[in-house]
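Engineer: Dropping a structure here in C-alpha cells format, bear with me for questions.
The values are calculated or read from the model by the stated rules, or taken from the named source; none is laboratory data. This one's a predicted model, so the numbers in the text were calculated from it and none came from an experiment. Every residue, glycine among them, receives a Cβ derived from its backbone with ideal geometry; neighbour counts consider all protein chains shown. Ligands, DNA and RNA are stripped out before the accessible areas are found, and what is left, the full protein with its side chains, is counted by its heavy atoms. Shrake-Rupley method; radii C 1.70, N 1.55, O 1.52, S 1.80 Å.
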Amino acid sequence: MTGNIGIALRFGLLATLWGASFLFIKVGLTGLSPSQVALARLAFGALALALIVLIQRPRLPREPVIWGHFAVMGLLMCVIPFQLFAWAETRISSGLASIFNATTPLLTVLIGGVILRQERLTRGATIGLGFGFAGVLTIVGVWNGLGSADLLGQLACLGAATCYGTSFVYMRHFLGKRHIEPTVLAFGQVTLGTVMMLALSPLVATGPVHLNLAVALSMAALGALSTGVAYIWNARIIVAWGATNAAAVTYLTPVVGVVLGVVVLHEPLTWNQPAGALLVILGILAAHGRLTLKRRRPAVVSV
C-alpha cells in the first residue's frame, strides 16, 4: 500500500513538474533569450543527472555506438525541441504550448506507423490521429485565418512535439533491446545535448542576460526537476504501473500548464483551446485502444 501511494505521489508530482515547465520557460524568457533558456535547462538537467549517477553508480555503456545513439537522442529530445518551445513562448502563452506538447503521443504513433514496419497504423490509431488532427485545427482556430505570428509559435510547438515523437521511435528501434537503465539513458542524452548546446551557444545563445531571483529559480527548477528528476520518476512509474498507465500523465500535463498560465501569469484562455485539447486526449485514448466499445454477444435461444 505504501509503495502504491509513493508511486501515485510521484505520478502527481511528475504531471505538475512537466506542466509547470512551460511556466518556468515563460518566466525565464523575461531575462534570457530562447536559446539561453534552452542552454540553462540542459546545464541544470545535466548537473542533476550527473549527481544522481554519482550516487546510484549505474553501469555506463562502453560501446561508442551507444553514445552515438545518445547524441542523436540529445539532439532530438533536448537541443531542438527545447529551443523550439522557448522560441514559441515568445509568441504564444505557456498554457497553449503545454496543450501542443500533448500531441506528442499521437505524433509518435504516426511516425512509428510510417517508419517501423512492425508498428503499422491500426484502425484505432487512424481514428485517434483523426481526432488529434481535428483537435490541432480547433486549437489553432483555423476559422480565424492562418496569417498571424501566433501561428508560427504554434507550428514551432508542433515541430518540438514531432522531435519528441521521432526520438521515441528512434529509441525504440535502436536502443529498445539493449536494456539500458533509464537513469543512464537520461544522463547520456542530456549530457551530450548540453555539450552540443554549449558548442552552438556562441552562435545562438547571444544577447543580454538580465538575471533575477525568479529567472534563476525557474531555470534551476526547469533543468534539475522538470528535465532531470522527472525523467527518473517517469521511469519508476513505468516499472510499477506499466507504460500504458504511466502515459496517462500526458492527459494531466496540459491541465496543469493551462491552470498555472491562467492563475500565475494571467494568460488569456479561449474556448477553442481546451476544446481542442479534449479532442487530442480523445485521440490519444483511441490510438491506444481505450475507446473501443465491447460488442454484446447475441443471445442464444434454446429451442
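Engineer: Could you give the radius of gyration (one decimal) and Dmax (whole number) of the Cα atoms in the stretch 51-173, in Å?
Structural biologist: Both quantities, over Cα of the stretch 51-173: 17.2, 54 Å.
Engineer: Let me ask you something else. Computed on alpha carbon atoms, what radius of gyration and Dmax characterise the chain, expressed in Å?
Structural biologist: According to the Cα coordinates of the chain, Rg and Dmax are 20.0, 87 Å.
Engineer: Per residue, how large is the accessible surface of the chain? Use a 1.4 angstrom probe and give square angstrom.
Structural biologist: Ligands and nucleic acids excluded, the result is 51 Å² per residue.
Engineer: Quick one: with all protein chains in place, what share of the accessible area of the stretch 152-191 is carbon or sulfur, to the nearest percent (1.4 Å probe)?
Structural biologist: Roughly 66 percent of what the probe reaches on the stretch 152-191 is carbon or sulfur.
Engineer: Once you list every other residue whose beta carbon is under 15 Å from the beta carbon of TYR164, what net charge do they have if Lys and Arg are +1 and Asp and Glu are -1?
Structural biologist: Charge balance near TYR164 sits at +2.
Engineer: For the stretch 3-118, what's the radius of gyration and Dmax over Cα atoms, in angstrom?
Structural biologist: 16.8, 46
Engineer: If you don't mind, there's one more thing I want to ask. Over what distance in Å are the Cα centres of the stretch 5-58 and the stretch 112-138 separated?
Structural biologist: Going from one Cα centre to the other spans 29 Å.
Engineer: Report the full-extension gain for the segment VAL259 to VAL114: residue separation times 0.36 nm, less the Cα-Cα distance, to one decimal in nm.
Structural biologist: The VAL259-VAL114 span can extend by a further 48.7 nm.
Engineer: Rounded to the nearest percent, how much of the accessible area of the stretch 1-130 (1.4 Å probe, protein heavy atoms only) is carbon and sulfur?
Structural biologist: Taking all protein chains in place, the stretch 1-130 shows 68 percent carbon and sulfur surface.
Engineer: Test of understanding: in a Gaussian network model of the chain with alpha carbons linked when under 10 Å, which of PRO202, PRO182, PRO105 would top the mean-square fluctuation ranking?
Structural biologist: Result: PRO202 has the largest fluctuation of those listed.
Engineer: Continuing with this model, one more query. Give me Rg over Rh for the stretch 96-238, both radii from the alpha carbons and Rh done the Kirkwood way, two decimal places.
Structural biologist: Radius of gyration over Kirkwood radius for the stretch 96-238 works out to 1.01.
Engineer: How much length would be gained if the chain were fully extended between LEU152 and ALA275, taking 0.36 nm per residue of separation minus their Cα-Cα distance, in nm to one decimal?
Structural biologist: 42.2 nm
Engineer: Sorting check: for 125-134, 203-212, which peptide has the highest mean count of neighbouring beta carbons within 10 Å, and how do the rest follow? The partial results should precede the final answer.
Structural biologist: On the way: 125-134: 19.2, 203-212: 11.5.
Per-residue Cβ counts within 10 Å, averaged per peptide and sorted highest first, yield 125-134, 203-212.
Engineer: Ignoring the sites themselves, what is the longest stretch of the chain with no trypsin sites (Lys or Arg not before Pro) in a DSSP loop and at most 16 other beta-carbon atoms within 10 Å?
Structural biologist: Maximal segment without exposed cleavage sites: 179-289.
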